[in-house]
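Just so it is clear, none of the values below were taken in a lab; they were calculated from the coordinates. Fair warning: this is a prediction, and the values are worked out from it, not measured in the lab. Quick reminder, even Gly has a Cβ in these numbers, built from the backbone with ideal geometry, and neighbours come from all protein chains shown.
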Amino acid sequence: MKDLEKKENIKILAIESSCDETAAAVVVDGRRILSNVINSQIDIHKVYGGVVPEVASRKHMENIDPVIRMALQEADCRLSDMDAIAVTYGPGLVGALLVGVAAGKALSFSSGIPLIGVNHIEGHISANFPENPGLKPPFAALVVSGGHTYLAMVKDYGVYEIIGKTRDDAAGEAFDKVARALDLGYPGGPKIDKLAKEGDPEAIHFPRANVGDSPMDFSFSGLKSAVLNYLNSQEMQGIKINKADVAASFQRAVVDAITERAMALCEMEGIKKLAIAGGVAANSSLRQTLEGSCKEKGIEFFSPSLVMCTDNAAMIGAAAYYKFVKGEFADYDLNAVPGLGLSAGV
Ligand code: KG4
Ligand code: ZN
């Protein structure tokens, strides 16, 4: 059995399979990445315009063993060198999650190395740690991914206070749906990001929805409908659509809504550190705008590199280290929890 009292030079093998990336990584002390292998299924799913859950599960099953082997190989480690095995257990697609959870449990059971279950959203936030050694709680966090949108205070490692979340679509979902309406393909976020660079963000005014009783919450479905209505009405009038202008104006509306709330959170909490996370955090306009607003207000701005924004296993290894330190290990009844949210004491 491993020495669970040891808190330094802790090597964690992390596994992630919640959506369409089969990933494994080796991370030391939550901050030093020895390997970060990502096998993306995007090329397979883009034929269908989105992730097909059953196909994702099958591909994870094919890929999980070689990806784990590669992560150990690239880290120049053996399984027996690991102090823990961490795996994403939710949120995500149930069949996809189960492949990673089963692999993590099997490796842990056969080797006697302890198992740690990690919340995927907590993983996204923790993606900031390896590349920003100076980032320590407390800080404000903005999670904008394909399935989730959260504004939270990270009070300590693994201790969160949710300040705002989306009432309907996640930010990434809005990007993907609008991209689909513009025939840009899947995933839509990067395509809109690229096309928006050629468009005028002031060309069309799309609404910035406010949630009346809860000003820190987000709502993106009204914005998505406004874009769809605009496209329909232009088409019906026989007016040629300028896709770059639509992309730029839509993106501006999302970026405005996010920036406004993130700044309000920092002000409200009197906090001078903001970290962003999740696939949409790769958006060039969002990164630029938030960085500018933070600079103006004397707030330190932290963001993961692009590859650490979208799904990967190094972020799971980073989150797992702080669970290891607290002795939060999982039993072999660990199961996939597709609807897992970010809660106070994940
Ligand atoms: O975090 P992630 O990899 O998966 C989830 O946990 O959901 O996020 C994927 C989402 C997709 O909706 C994708 O369109 C979006 O992140 N995304 C972007 C960009 N890159 C990825 N959205 C806007 N701009 C980007 N550059
Ligand atoms: Zn994700």
Amide H of Thr166 versus every other amide H placed in the peptide plane: which residues, excluding those fewer than 5 positions away on the same chain, fall under 5 Å?
Thr149, Phe218
Could you give the size of the charge dipole of region 137-305 about its Cα centre, using +1 on the Cβ of each K and R and -1 on the Cβ of each D and E, expressed in debye and rounded to the nearest 20?
260
If you plug each phi of region 42-54 into the Karplus form 6.51 cos²θ - 1.76 cosθ + 1.60 with θ = phi - 60°, what whole-Hz ³J(HN,Hα) values come out, in order, with x for Gly and Pro?
3, 4, 6, 6, 5, 4, 9, x, x, 6, 9, x, 5
Using a simple spin-label model with points 7 Å from Cα along the Cα→Cβ vector, what separation in nm is obtained for Arg78 and Asp65?
2.0
Surpassing 29 Å at the alpha-carbon level, of the pairs Lys11/Lys46; Lys197/Lys295; Lys46/Lys240, are Lys11/Lys46
Using unit Cβ charges (K, R positive; D, E negative) and no other charged atoms, how large, in debye to the nearest 20, is the dipole of the chain about its Cα centre?
220
log10 of Debye I(q)/I(0), alpha-carbon scatterers only, for region 56-144 at 0.10, 0.14, 0.20 Å⁻¹
-0.32, -0.62, -1.10
What is the extension gain from Asn210 to Glu161, computed as 0.36 nm multiplied by their sequence separation minus the C-alpha to C-alpha distance, in nm to one decimal?
15.5 nm
For Asp43 and Glu5, FRET efficiency with R0 = 45 Å and r from the beta-carbon atoms, rounded to 0.05?
0.50
For the chain, what's the radius of gyration and Dmax over Cα atoms, in angstrom?
20.2, 71
Below 8 Å between Cα atoms, with a sequence gap of 6+, how large is the relative contact order for the chain in percent?
25
Label-point separation, Glu198 to Ser284 (7 Å along Cα→Cβ), nm
1.3
Cα-based shape type of region 137-305, given that a ≥ b ≥ c are square roots of the gyration tensor eigenvalues and the cut on a/c is 1.5
prolate
Would region 1-154 count as rounded, prolate or oblate if I go by the C-alpha gyration tensor, calling it rounded below 1.5 in a/c and otherwise prolate when a/b exceeds b/c, oblate otherwise?
oblate
Sticking with the crude label model, points 7 Å out along Cα→Cβ, report the distance from Met236 to Leu306 in nm, one decimal please.
3.9
Calculated from backbone phi, Karplus (6.51, -1.76, 1.60) coupling profile of region 88-99 in Hz, x at Gly/Pro
5, 10, x, x, x, 7, 4, x, 5, 4, 4, 5
Can you run phi through the Karplus equation (6.51, -1.76, 1.60; θ = phi - 60°) for region 167-184 and list ³J(HN,Hα) in whole Hz, with x for Gly and Pro?
8, 9, 6, 7, 4, x, 4, 4, 4, 5, 6, 5, 4, 5, 5, 8, 6, 9
Which of rounded, prolate or oblate describes region 90-130 when judged by the alpha-carbon gyration tensor and an a/c cut-off of 1.5?
oblate
